[in-house]
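First the structure, in the form of structure tokens, and then the observations on it.
The values are calculated or read from the model by the stated rules, or taken from the named source; none is laboratory data. Worth saying up front: this structure is predicted, and the values here are computed from it rather than measured. Cβ atoms come from the backbone with ideal geometry, glycine included; neighbour counts cover every protein chain shown. Keep in mind that these areas ignore ligands, DNA and RNA; they rest on the heavy atoms of the full protein, side chains included. Shrake-Rupley method; radii C 1.70, N 1.55, O 1.52, S 1.80 Å.
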Amino acid sequence: MAIHACGCACRLLAMANFFPRWTNWVPIKLVVCGIVLVCGLTGATWYYVTPKYTKVRYQPIQPVPFPHDIHVTQLGMDCRYCHSFVEMAAQSNVPNTQTCMNCHTQVQKDNPKLEPVRQSWNNGNPIDWVWIHRTVDYVYYNHAAHVNRGISCFSCHGPVNHMPVVYQAKPHSMGWCLQCHRHPENNLRPEDQVFNLDWKPDDVKPAEFVAKYGQPRDVREDFSKKKKLTQIEIGETLKERWNINPPTNCQGCHR
């Protein structure tokens, strides 16, 4: 009887030691790894999916205050007067001192805020503007290719014409760019409205638009008889008219 009891005890002991001793730490390790993983994902999301990473609302102090709302909205200046290469070059330019002095030799010529402009005019050194919208070196972006095919300054830079101080309004991330490349109809507008930052699809007169650009071939409804056209209807028409097919592969931007 004692032998039988001893045998049972040995079997129970063997069953108790079936798993190695280090497995006792497995649940604790899994909990710790889970906490680290959750914290890492939370931290990465907080940084990479928020304006802190995309620089949305980035608003540096410039050497000379330039209120775009006054110059563009109140005075009616065209974007191309200061950013004169935007229709011809891959990179848009900031205004040089000559451009500023074309007006400010007469307008507010003694304003102390314009002293850096006057110094630049006298010594020949350019104004040290702080770049806001700057594409990284490994990304190719051509301003002329976009504005000459119906992409407005507004689509990438926001309502600059209403900004007292310019800030970065859009994320300019790879995902954000790809959204437009996959669906350009969401942003296309008539070429004569590219630099009208207050343009709205409701401004389009359907009959005149159809007479000039037509309408998509697979659409049976007559756009010219509609009271208003939506952005998608306008965009789809221009996309087909201009044969717009933006690249969505890596080589399109990373050349």
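If you take the charge dipole of the chain about its Cα centre, with +1 on Lys and Arg Cβ and -1 on Asp and Glu Cβ, which of 59, 126, 173 is farthest toward its positive end?
Looking along the dipole axis, the top candidate is 173.
Residue by residue, what Karplus-based ³J(HN,Hα) values in Hz, rounded to whole numbers, does segment 57-63 have, using 6.51, -1.76 and 1.60 with θ = phi - 60° and x for Gly and Pro?
Values per residue, Gly and Pro as x: 6, 4, 9, x, 7, 8, x Hz.
Quickly rank 123-133, 198-208 as a protection proxy: mean count of other C-beta atoms within 10 Å, highest first. Each step should come with its number before you reach the end.
Details: 123-133: 11.8, 198-208: 14.0.
So the order, starting with the most tightly packed, is 198-208, 123-133.
Can you give the accessible area per residue of segment 66-139, in Å², using a 1.4 Å probe? Mind showing how you got there, number by number?
Numbers: 5080 Å² over 74 residues.
Result: 69 Å² per residue.
Would you please put 144-152, 106-114, 167-175 in order of how densely packed they are, using the mean number of other Cβ atoms within 10 angstrom per residue and starting with the highest? If you can, show how the numbers build up before the last one.
Numbers: 144-152: 18.7, 106-114: 10.6, 167-175: 15.8.
Sorting 144-152, 106-114, 167-175 by mean packing, highest first, produces 144-152, 167-175, 106-114.
Label-point separation (nm) for residue 30 and residue 123, each offset 7 Å from Cα along Cα-to-Cβ?
It is 6.8 nm.
If you roll a 1.4 Å probe over the heavy atoms of the protein chains, what accessible area per residue do you get for segment 159-255, in Å²? Kindly include the intermediate steps, with their values, before the conclusion.
On the way: 6010 Å² over 97 residues.
Accessible surface, normalised per residue, equals 62 Å².
Tell me, rounded to the nearest percent, the portion of alpha carbon pairs in the chain spaced more than 32 Å apart.
On the way: 15232 of 32385 pairs.
Roughly 47 percent, once rounded to a whole number.
Place the peptides 209-216, 21-28 in order of packing, highest mean first, counting for every residue the other Cβ atoms within 10 Å and averaging per peptide. Write down the numbers at each step before the final one.
Values: 209-216: 15.8, 21-28: 8.9.
Sorting 209-216, 21-28 by mean packing, highest first, produces 209-216, 21-28.
Under the rule of -39500 (n - 2.57) per DSSP H run of 4 or more residues, summed and divided by the residues of the chain, what mean residue ellipticity at 222 nm is obtained, to the nearest 500 deg cm²/dmol?
Details: 11 runs with 101 residues, N = 255.
Calculated from helices alone, the mean residue ellipticity at 222 nm is -11500 deg cm²/dmol.
Carbon and sulfur: what percent of segment 124-255's accessible surface (1.4 Å probe)? Provide the component values of the computation, followed by the final result.
Values: 4100 of 8090 Å².
For segment 124-255, the apolar C and S fraction of the accessible surface comes to 51 percent.
Given a 10 angstrom Cα cut-off, can you work out which residue in 62, 231, 74 is the most mobile in a GNM of the chain?
Checking each option, the largest mean-square fluctuation is seen for 74.
Determine, from the Cβ-Cβ distance of residue 243 and residue 186 and an R0 of 25 Å, the FRET efficiency 1/(1 + (r/R0)^6), rounded to the nearest 0.05.
On the way: r = 18 Å, r/R0 = 0.70.
Step by step, r from the Cβ atoms, then E = 0.90.
Treating each Cα of segment 166-255 as an identical point scatterer and ignoring solvent, apply the Debye formula and state log10 I(q)/I(0) at q = 0.19 Å⁻¹.
The Debye formula, applied to the Cα set alone, gives -0.94.
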